[in-house]
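**Student:** One structure coming up, written as structure tokens, with questions to follow.
The values are calculated or read from the model by the stated rules, or taken from the named source; none is laboratory data. Bear in mind the structure is a predicted one, so any value in this text is a computation, not a measurement. Cβ placement follows ideal geometry from the backbone for every residue including glycine, while neighbour counts extend to all protein chains displayed. Each accessible area value is taken on the protein alone, full model and side chains, heavy atoms only, with ligands, DNA and RNA left out. Shrake-Rupley method; radii C 1.70, N 1.55, O 1.52, S 1.80 Å.
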Amino acid sequence: MIYLNNAATTKDKPKEVFEAVQKFILGNNVSPGRGADMLSVEADSILTEARISLARLFNAEDPKQIVFTLNCSDALNTAIKGVLKQGDHVLVSSIEHNSIVRPLRSLERQGIEVEIVPVDPKTYAVDPQEVSKRFKKSTKLVAMLHASNVIGAVQPIGEIGAETKKSGILFLVDAAQTAGIYNIDVQNMNIDLLAFAGHKGLMGPQGTGGLYIKEGIDIEAFRHGGTGSQSELETQPEIMPDKFETGTPNTPGIAGLKASVDYILREGTDKIKQHSQELTSILLDGLKGIERVKVYGPLDAKKQASVISFNVSGTDPKVVGDILEKKFGIIVRTGLHCAPFCHKTIGTFPKGTVRISTGYFNTKADVETAISAIKDIAGS
Ligand SMILES: Cc1ncc(COP(=O)(O)O)c(C=O)c1O
């Protein structure tokens, strides 16, 4: 079987991830910070070490500013609902995932104004000037994905961050498709809030994710409860990261995430990104030459994450996906990929596309096999 649905979650992970999860479950398996005993303290130190590794990866000023969440959607909800109040104006791109669109649509009912910045129809990137020209007095937040989960288009987040900083507007980046693959430097890129999934490019277990919150940014916690700290208080502690980490965390998952982030730090994102671009380039070249196949997006491996959407004319994307799985043993994802907004922008709504997304453990042979299979389906 060839797994090419890594934009949903990476199936293959470094072996250190499985070992770390197993080591925690077999050797510790207690709740972090919910006791003064040796095991509780040891479990707590796993969370601290994981925060340190993530802070290194994203160049965060202080590991305490990294909050663990259930996944990237949870991190985005924490940021969006913690920042926006009635009357605030927020800017998003026209290719966002539902994890940004849905929380905002729900807040619109409470008096938040959402404005869409269209992407360039050729590059599918947002022009930073198109963002800044929409700034007004009530603009509180710019919330944007770093790379599209449908067409891979990478956004100029450093330049957008420079614009938001100049105007004192908060910048939230959805790094679901780039964390662990692209170099993300929250300080140099002026990112105030960075939401990431632990289980995609970061190659950690499912049920992990996080939110970086720049020091000094005052946002509300939307979840309240036990944190294992300041138990004398009946109100949520204000200390970081406890303010946003209510209830027992996914310590086995975070132990695995720490191992995967350390693996990424050893490999280096330059090498990981180069591999991703190499496979994307082979796929783009291979698919471009097939009659009846239309590929969407920037069509440039240097400007796109390892996510490629295509359709075979006259064939439903679901049928193409079924044949790829049943006849060729290739797993892809078809349909709208939780991003109807993006499909409306690229003209593939409501049927969507067939999406191929590679991971660090995919090989050239994997993508060459996929190209041959698609040629066969398209009758070329
Ligand atoms: C761009 C983007 N944002 C957010 C998410 C949500 O991630 P999670 O499944 O970790 O909540 C995804 C998942 O595919 C995504 O691709």
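**Student:** Which one of Ser138, Ile80, Gly253 is farthest out on the positive end of the charge dipole of region 15-267, using unit charges on Cβ (Lys, Arg +1; Asp, Glu -1) and the Cα centre as origin?
**Tutor:** In region 15-267, that residue is Ser138.
**Student:** Which loop GluC sites (Glu not before Pro) in region 278-380, with loop taken from DSSP, have no more than 10 other Cβ atoms within 10 angstrom of their Cβ?
**Tutor:** The qualifying sites are Glu291.
**Student:** Lysine pairs in region 83-227 with alpha-carbon atoms under 15 Å apart, 8 or more places apart or on different chains: how many are there?
**Tutor:** 11
**Student:** While we're looking at this one, here's another question. Can you tally the net charge around Pro14? Count Lys and Arg as +1, Asp and Glu as -1, for every other residue whose Cβ sits under 10 Å from the Cβ of Pro14.
**Tutor:** -2
**Student:** With springs only between Cα atoms under 10 Å apart, run a GNM on the chain and tell me which of Ile112, Ile272, Ile217 wobbles the most.
**Tutor:** Per the Cα network of the chain with a 10 Å cutoff, Ile217 tops the list.
**Student:** Another question, if that's okay. First measure r as the distance between the Cβ atoms of Thr48 and Lys166, then evaluate 1/(1 + (r/R0)^6) with R0 = 35 Å and state the FRET efficiency to the nearest 0.05.
**Tutor:** My answer for the efficiency is 0.50.
**Student:** While we're here: For region 15-267, what is the accessible area per residue in Å² when the probe is 1.4 Å?
**Tutor:** Per residue, region 15-267 has 41 Å² of solvent-accessible surface.
**Student:** Suppose R0 equals 51 Å. What FRET efficiency, 1/(1 + (r/R0)^6) with r the Cβ-Cβ distance, do Val319 and Thr235 give to the nearest 0.05?
**Tutor:** Efficiency computed from Cβ-Cβ geometry: 0.40.
**Student:** Same structure, new question: When Lys and Arg each count +1 and Asp and Glu each count -1, what net charge do the other residues less than 9 Å away from Val332, Cβ to Cβ, add up to?
**Tutor:** Once positives and negatives cancel, what remains is +1.
**Student:** I need the calculated FRET efficiency for the pair Glu278 and Leu26, taking r as the beta carbon distance and R₀ as 51 Å, to the nearest 0.05.
**Tutor:** With R0 = 51 Å, the Cβ-Cβ based efficiency is 0.85.
**Student:** Also: So, in region 277-380, how many Lys pairs have Cα atoms under 14 Å apart, if the pair is 8 or more places apart or on different chains?
**Tutor:** 6
**Student:** Something else now. Among Gly321, Gly289, Gly152, which one shows the biggest mean-square fluctuation in a GNM of the chain, springs joining Cα atoms closer than 10 Å?
**Tutor:** Gly289
**Student:** Same structure, new question: Among Ala43, Pro32, Pro128, whose Cα lies farthest out toward the positive end of the dipole of the chain, if unit charges sit on the beta carbon of Lys, Arg (+1) and Asp, Glu (-1)?
**Tutor:** Among Ala43, Pro32, Pro128, the one farthest towards the positive end of the dipole of the chain is Pro128.
**Student:** Ok, one more. Which percentage, to the nearest 5, of the DSSP beta bridges contained in region 15-267 is antiparallel?
**Tutor:** 35 percent
**Student:** Report the charge-dipole magnitude of the chain in Debye, nearest 20, computed about the Cα centre from +1 at each Lys and Arg Cβ and -1 at each Asp and Glu Cβ.
**Tutor:** Dipole of the chain, to the nearest 20 debye: 1140 debye.
**Student:** Here is a further query. With a point put 7 Å past each Cα toward its Cβ, work out how far Arg266 is from Lys294 in nm, to one decimal.
**Tutor:** Modelled inter-label distance: 4.6 nm.
**Student:** Which of Pro350, Pro252, Pro128 moves the most in a Gaussian network model of the chain with Cα springs under 10 Å?
**Tutor:** Pro350
**Student:** Turning to a different aspect of this structure: As a test of the formula, what do you get for the chain when each DSSP H run with n ≥ 4 contributes -39,500 (n - 2.57) and the sum is divided by the residue count, at 222 nm and rounded to the nearest 500 deg cm²/dmol?
**Tutor:** Estimated from H runs of four or more residues: -12000 deg cm²/dmol.
**Student:** What is the local net charge at Ser372, summed over the other residues whose Cβ is closer than 12 Å to its Cβ (Lys, Arg +1; Asp, Glu -1)?
**Tutor:** Value of the local net charge: -1.
**Student:** On the accessible surface of the chain, probed at 1.4 Å, how many percent belong to carbon and sulfur atoms?
**Tutor:** 50 percent
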